[in-house]
Each structure stands twice: as C-alpha cells, then as structure tokens.
Amino acid sequence: MGTGNFLWNLSKNYFTFGLIGLTVSDRYFSIVSVQGTSMSPTFNSHVDNSKRPLTDDRVLVEKFCLEKYKFFHGDVVVFCSPTNHREKHVKRITGLPGDWISAPHNYDVIVVPEGHCWVEGDNSALSFDSRSIGPIPLGLIRGRVTHIVWPPNRVGKVHRTISQERLPF
Amino acid sequence: MRNLLHRISELKSAAKEAVSKSLLFAKFLCLLHVTDTYLCSPIIVYGPSMLPTLNMAGDVLLAEHLSPLLGKVGPGDVVLVRSPENPRKSITKRVLGMEGDSVTFLPDPANSDRSLTIRVPKGHVWIQGDNIYASRDSRQLGPIPYGLIEGKVFWRVWPPRDFGTLG
C-alpha cells in the first residue's frame, strides 16, 4: 500500500511539473541550444572547427512577441524551417513586410510580401536563409532570442543590431 | 500577548490556504493551456471559402493538434492553418497535396478553363477551399509550409443538425 501511494504521488508530481513546464515554455520563456555557425559571431563564435568549444551556446527565447507578432529589424528569432517542420532555425530579421531587399545572386530587388519577413544569418558565408529559400511567413516564428545563458563566459544580452550593408533600402 | 500570537497563527493559516488555492488555480490554467494547444480546441469558422462542407455563418468545430505534431496530416483533411499573409489570423482549408505530389488546379475558375499543374516543394502542402470560386488559398499564395498547420478538424459541434464527423 505504501509503495503504491508513493508511486502515485511521484507520478502526480511529475505530471504537474510537466504541465507547468510546458505552459511556461510555450507562453513565456524557453531555453534552446544553438547549433552550427550560421549566426557566428553572435552565437557559437568560433572561427574554425579546430577551436570548436565543447558546448554550443544556450539561449533564452521569449514568447511574448507571439501574442501580436510584432517584430523589428535586427530581432534574432527562432523559426520552424519552411522545408522541414521538425527543424528549428535561429536567424536575424533583416526585412519586414513592405521592405525592398536586393537578392544577392542576381541583383534583383524583391518586396517582402505581407505577413512575411526576410531572415539572414550573421555569418553570411555559411548560412542557409532567405537568400536561398525566400521570405518566410511570420507564422513560422516560434520566439525571439533575448539572452545567451550558457556557457558562463558568454552570458549576456543579444542586441538588436543590424549591419549597415544589410539594411533594406 | 496570547491574543496576538493567536491572531498571527490565524493569519498564517489563512495565507497558507490562499497560496494553495492560487497554486491549484494556476495548475488548472496550465492544464487548460496544454489541452488547448496539444490535444483539441474549439474553433469558429466564418466565410464562404469552404462551402458546401462548412456553412457560411459560424460553424463551431473541434480541431485536434496531435496529427500535425506527429506528421499525420494527409490529402483530404480539413486543416486549420495560420495565415501566411497575416499571422494573427487562422484559416480553414482542405489539404489537396503533400510534398512531392503533383497538383492540378484552375487558377481562375470563374473566367477560364485553363488549368495548371505544379509540384509541391519539400516541406510544403497544397491547401484549397472547397468553394473554388470564393477562396483565397494556395492558388494565390502558393504552397504553404507544413509548420503553419495548427490543427486537423475532426468534429462539428454546431449547428446541431450537422453534429458529427465532417462529411
């Protein structure tokens, strides 16, 4: 009887904890680890693989922006990949609806359509982003990155910066 | 002095009860959120785009959110999709093609019989309203990323004469 009671309490606690954790990570904050060097030097700022640190950067993602879907130039966002819904990518917004963007390869100028945004990695040489897949719907965005929380020597705020050459016209 | 101690202990127990009550309430809200986002939620749909399957004025439907998460959405399903044009809005349409499928459609059915065939790219789906004359869907917006699918409609609650699965 005692063990049954104990197991019941344990599973009840796990269930409650899971519910609360899931709610908080859906609506308020979550922590994700950034893989790959497409956002270097903002995240994973190692230049080549030989200097690769042991851990990837962990970042804090806030979900409050999903209530209104209001974003600004330079926001770093987490979004669901349009080509594979199981993958999540971290990139910086460089264009919002109505902006004119110059396509890098053929010197065409594209207008970002309504409800979409233009995302690019900070490390433009090694980034798979809007330059190859085009503008992405804002509805795919799953949160905004605000802070780096791990490793300890890189803890800090992620700034809403945008390099001059990438500014839309 | 004893009176004061008594008052303090009374206050203490009251505070304890308030905390436990609000904790219970918070847990309830969490449960509500999780059922709403991961299991099933009611939606109200308006508009002519899904006639004759869904009525024009305010059908209440139940949408489940497990199938999109598990990748079990297939052609013929009525799905709830976050609009690619306005992320604050959701639209209800029918899936006609998954990634890799060839879809043939009439881009302008009211004025011509011209048809087009395209291949749905990787990770996308082709959605269309049942009423092709009054629907804004993949024919104008192009294929939709799978990540925008939020739920699969499986049950109609209102109006009562159509209560049941979607025909």
Identity of the residue in segment A:126-146, more than 10 Å from every other protein chain (Cβ to nearest Cβ) and assigned to a strand (DSSP E or B), that ends up surrounded by the most Cβ atoms within 10 Å (Cβ to Cβ): A:143
Residue that is more than 14 Å from every other protein chain (Cβ to nearest Cβ), surrounded by 21 or more Cβ atoms within 10 Å (Cβ to Cβ) and among the hydrophobic types (A, V, I, L, M, F, W, C), where the choices are B:157, B:125, B:153: B:153
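Listed here are the residues, each with its yes/no results for (1) touching a residue at least 40 places away in the same chain (Cβ under 8 Å); (2) outside any strand (DSSP E or B); (3) at negative phi; (4) at the interface with chain B (Cβ under 10 Å from one of its Cβ atoms).
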residue	(1), (2), (3), (4)
A:73	yes, yes, yes, no
A:77	yes, no, yes, no
A:84	no, yes, yes, yes
A:93	no, no, yes, no
A:98	no, yes, no, no
A:101	yes, no, yes, no
A:107	no, yes, no, no
A:110	no, no, yes, no
A:113	no, yes, yes, yes
Segment B:132-150: number of residues that are more than 14 Å from chain A (Cβ to nearest Cβ) and exposed (fewer than 14 other Cβ atoms within 10 Å of the Cβ): 2
Set B:129, B:151: member being under 30 Å from residue A:96 (Cα atoms), touching a Leu at 6+ places or on another chain (Cβ under 6 Å) and not charged (D, E, K, R): B:151
Condition broken by residue B:23, with the remaining ones in (1) within 21 Å of residue B:146 (Cα to Cα); (2) outside any loop (DSSP other than H, G, I, E, B) satisfied: (1)
Qualifying positions in segment B:74-111 - β-branched (Val, Ile, Thr) and either more than 10 Å from chain A (Cβ to nearest Cβ) or free of Cβ contacts under 8 Å to residues at least 12 places away in the same chain (or both): B:78, B:79, B:91, B:92, B:95, B:103, B:104
Search result, residues across segment B:30-63 that are assigned to a helix (DSSP H, G or I), hydrophobic (A, V, I, L, M, F, W, C) and surrounded by 14 or more Cβ atoms within 10 Å (Cβ to Cβ): B:30, B:31, B:34
Among (1) among the basic types (Lys, Arg); (2) under 21 Å from residue B:46 (Cβ atoms); (3) out of contact with any strand residue (DSSP E or B) (no Cβ under 9 Å at 6 or more places or on another chain) - the single one residue B:122 does not satisfy: (2)
Lone unmet requirement of (1) without any contact (Cβ under 8 Å) to a residue 60 or more places away in the chain; (2) basic (Lys, Arg); (3) under 30 Å from residue A:65 (Cα atoms) for residue B:161: (3)
Pairs with Cβ under 7 Å, 6+ apart, first in segment B:36-53 and more than 14 Å from every other protein chain (Cβ to nearest Cβ), second part of a loop (DSSP other than H, G, I, E, B) and polar (S, T, N, Q): B:48/B:131; B:49/B:131; B:49/B:135; B:50/B:131; B:51/B:131
Members of segment A:1-59 found to be more than 14 Å from chain B (Cβ to nearest Cβ), modelled with pLDDT of 90 or more and part of a helix (DSSP H, G or I), listed by number: A:5, A:6, A:7, A:8, A:9, A:10, A:11
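The values are calculated or read from the model by the stated rules, or taken from the named source; none is laboratory data. Just so it is clear, the structure is predicted and the values come from calculations on it, not from any experiment. For neighbour counting, all protein chains shown are included, and Cβ atoms are generated from backbone atoms with ideal geometry for every residue, glycine included.
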